[in-house]
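The values are calculated or read from the model by the stated rules, or taken from the named source; none is laboratory data. If you're wondering where the values come from, they're calculated on a predicted model, not measured in any experiment. Cβ coordinates were reconstructed from backbone atoms using ideal geometry, including for glycine residues, and neighbour counts include every protein chain displayed. Protein only, heavy atoms only, side chains kept; ligands, DNA and RNA dropped before computing areas. Shrake-Rupley method; radii C 1.70, N 1.55, O 1.52, S 1.80 Å.
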Amino acid sequence: QYPKNTQFIYSNITPRGSRIPGIDKVVVFGIQGMCKDFLIEQYNEHFFYQPKYKVVEHYKRRMDTALGKDMAPWKHIAELHDLGYLPIQIKALREGSLCPLRVPFMTIKNTHPDFFWLTNDLETVICDEIWHPMTSATIAHEYRKMLDKYCKETSDMESFVDWQGHDFSMRGMSGLQAAIVSGAAHLLSFKGTDTILAIDYLEQYYKANAEKELIGGSVPATEHSVMCMGGAESEFDTYKRLISEVYPSGIVSIVSDTWDY
């Protein structure tokens with residue numbers, strides 16, 4: 001659909017607004033993870049490392065069934081496979097920084113004139129991969145500001161705020177990957193998390209090292225299943241066993257509303 005002789009497309013991604021009142025900036029996060037995971041690892045595995053005939057046949061079949069036979073060309077897909085990499089350049093604000101609304105936090109352009117179409121071909125999936133971690137990072141940042149404010153007014157233990165916004169969200173997410181990137185975003189503002197795979201994500205894609213720094217942590221904790229096992233009549237014995245035998249020192253979190261709180 002582009003005019004003939006088009007060679008370069010330069011686009012931006014911009015946070016246009018917020019549904020949460022009072023937020024005029026968003027936390028930039030998820031770009032490096034998206035580049036390494038989707039644009040490199042997944043493209044290599046599912047496109048460049050696959051036989052060319054296979055990816056071209058798949059693309060042509062899907063376009064034919066979705067848009068109508070021969071409505072979409074396919075030779076550009078074969079040419080991209082021959083090139084062997086995605087010829088794009090991405091620039092972005094530093095991750096963790098605050099970007100004002102209606103200001104671009106990222107730009108993308110093609111670096112090879114034959115693949116001008118690729119710039120905006122990637123737009124949807126880039127937005128797909130980035131909006132969730134940026135939203136979660138921004139919400140966590142707002143909670144952190146609120147907790148810091150009231151901590152200064154009521155306490156002299158400001159470091160404890162690291163653990164007051166604990167992430168228990170994993171089972172409420174739309175899928176495993178959503179839980180991971182959202183949990184990683186939350187860890188920009190807090191240390192407490194039960195989304196343990198978020199720690200793996202930050203080590204894999206952001207060069208974090210849990211042995212050299214505190215990325216995120218939790219405590220031993222029970223669940224209703226554990227608390228049910230002794231039966232209602234033995235609830236006190238369950239507490240006693242957990243506290244005196246299983247975890248005789250340190251912290252243990254015990255679910256207390258299974259039987260008779």
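Laid out as a table, the results:
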{"quantity": "Ser234 outside any loop (DSSP other than H, G, I, E, B), surrounded by fewer than 17 Cβ atoms within 10 Å (Cβ to Cβ) and either in contact (Cβ under 8 Å) with a residue 40 or more places away in the chain or hydroxyl-bearing (Ser, Thr, Tyr) (or both)", "calculated": "yes"}
{"quantity": "The lone exception for Thr195 - which of (1) open to solvent by 20 Å² or more (accessible area, probe 1.4 Å); (2) in a loop (DSSP other than H, G, I, E, B) it fails", "calculated": "(1)"}
{"quantity": "Condition check for Ser174: free of Cβ contacts under 8 Å to residues at least 60 places away in the same chain and in a loop (DSSP other than H, G, I, E, B)", "calculated": "yes"}
{"quantity": "Cross-chain or 6+ apart pairs with Cβ under 9 Å, region 82-100 first and at pLDDT 95 or above, then loosely packed, with under 14 Cβ neighbours inside 10 Å and part of a helix (DSSP H, G or I)", "calculated": "Leu83/Asp114; Pro87/Asp114"}
{"quantity": "Candidate set from region 17-45 (those that are charged (D, E, K, R) and under 23 Å from Ala184 (Cα atoms)); member that is nearest to the chain's Cα centre (by Cα)", "calculated": "Asp37"}
{"quantity": "Answer from Gln7, Gln32 - the residue that is surrounded by fewer than 13 Cβ atoms within 10 Å (Cβ to Cβ), under 20 Å from Ile108 (Cα atoms) and touching a helix residue (DSSP H, G or I) at 6+ places or on another chain (Cβ under 9 Å)", "calculated": "Gln7"}
{"quantity": "Residue match in region 98-108 (condition: farther than 21 Å from Ile9 by Cα, under 20 Å from the mean Cα position of the chain (by Cα) and open to solvent by 40 Å² or more (accessible area, probe 1.4 Å))", "calculated": "yes"}
{"quantity": "One residue from Leu176, Leu197 being of a type in the set (A, V, I, L, M) and touching a helix residue (DSSP H, G or I) at 6+ places or on another chain (Cβ under 6 Å)", "calculated": "Leu197"}
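Conditions (1) surrounded by 20 or more Cβ atoms within 10 Å (Cβ to Cβ); (2) in a loop (DSSP other than H, G, I, E, B); (3) touching a residue at least 24 places away in the same chain (Cβ under 8 Å), marked per residue:
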{"residue": "Met146", "(1), (2), (3)": "no, no, no"}
{"residue": "Cys151", "(1), (2), (3)": "no, no, no"}
{"residue": "Ala185", "(1), (2), (3)": "yes, no, yes"}
{"residue": "Leu214", "(1), (2), (3)": "no, yes, no"}
